[in-house]
Amino acid sequence: MEKKYIVQLGFGVDQHGHDDDCTNAAMKAIKNAISNNCLVGLFDICELKEPKDLIRMKVHVKLGVPFPDKISEKKVLKAIPFGEKTLEVVQGGLIAQGVKIPELGDKSDQMIMVNAAVTVSIDMA
């Protein structure tokens with residue numbers, strides 16, 4: 001039986017040179033969600049014995065992005081270091097007006113913000 005262990009929330013911003021591609025902001029959102037957690041309970045409660053057992057955990061990432069068709073799923077999932085990974089991308093996030101700096105590759109003054117919900121589950125069979 002699969003049970004949720006934790007849901008981690010984060011956000012990421014890409015200010016310059018993105019050409020509406022949400023990939024970098026999405027990776028930052030995932031890293032923001034997972035960077036301040038230590039999942040010791042996977043070892044203490046869920047009885048994973050060694051770090052290599054972390055491949056047993058299931059990691060589902062749900063992203064709210066302004067341009068769902070402009071994201072590299074393969075690159076984004078590399079932000080998750082362990083586990084069986086799945087990705088769900090939905091319309092969301094935020095576009096904010098920033099500053100257009102052509103020297104940084106900007107084609108507009110838009111800043112992309114992506115929201116992430118990272119759910120870790122474990123099969124307790």
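Name the residues in region 49-66 that are free of Cβ contacts under 8 Å to residues at least 60 places away in the same chain, part of a loop (DSSP other than H, G, I, E, B) and farther than 18 Å from Gly93 by Cβ, would you?
Residues satisfying the conditions are Lys49, Glu50.
Let me confirm something: among Ile95, Ile101, Ile122, which residue is exposed (fewer than 13 other Cβ atoms within 10 Å of the Cβ), over 13 Å from Lys62 (Cβ atoms) and β-branched (Val, Ile, Thr)? I'd like the intermediate steps shown before the answer.
Numbers: Ile95 fails: exposed (fewer than 13 other Cβ atoms within 10 Å of the Cβ); Ile122 fails: exposed (fewer than 13 other Cβ atoms within 10 Å of the Cβ).
Sole residue among the options that is exposed (fewer than 13 other Cβ atoms within 10 Å of the Cβ), over 13 Å from Lys62 (Cβ atoms) and β-branched (Val, Ile, Thr): Ile101.
Test Asp69 against the stated conditions and say whether it is free of Cβ contacts under 8 Å to residues at least 12 places away in the same chain and either assigned to a strand (DSSP E or B) or under 30 Å from Ala125 (Cα atoms) (or both).
On the way: free of Cβ contacts under 8 Å to residues at least 12 places away in the same chain: yes; either assigned to a strand (DSSP E or B) or under 30 Å from Ala125 (Cα atoms) (or both): no.
Spelling it out, it is not the case that Asp69 is free of Cβ contacts under 8 Å to residues at least 12 places away in the same chain and either assigned to a strand (DSSP E or B) or under 30 Å from Ala125 (Cα atoms) (or both).
Filter region 88-112 for residues that are in contact (Cβ under 8 Å) with a residue 24 or more places away in the chain, outside any loop (DSSP other than H, G, I, E, B) and over 14 Å from Cys22 (Cα atoms) and give the result.
Across region 88-112, the qualifying residue is only Leu104.
Hey, among the residues in region 25-47 that are in contact (Cβ under 8 Å) with a residue 40 or more places away in the chain and in a loop (DSSP other than H, G, I, E, B), which one's surrounded by the fewest Cβ atoms within 10 Å (Cβ to Cβ)?
Ranking the qualifying residues of region 25-47, first place goes to Cys46.
Read-outs throughout are calculated quantities, based only on the coordinates presented, and are distinct from any laboratory measurement. All values derive from a computational prediction rather than experimental measurement. So basically every Cβ, Gly included, is an ideal-geometry build from the backbone, and we count neighbours across all protein chains shown.
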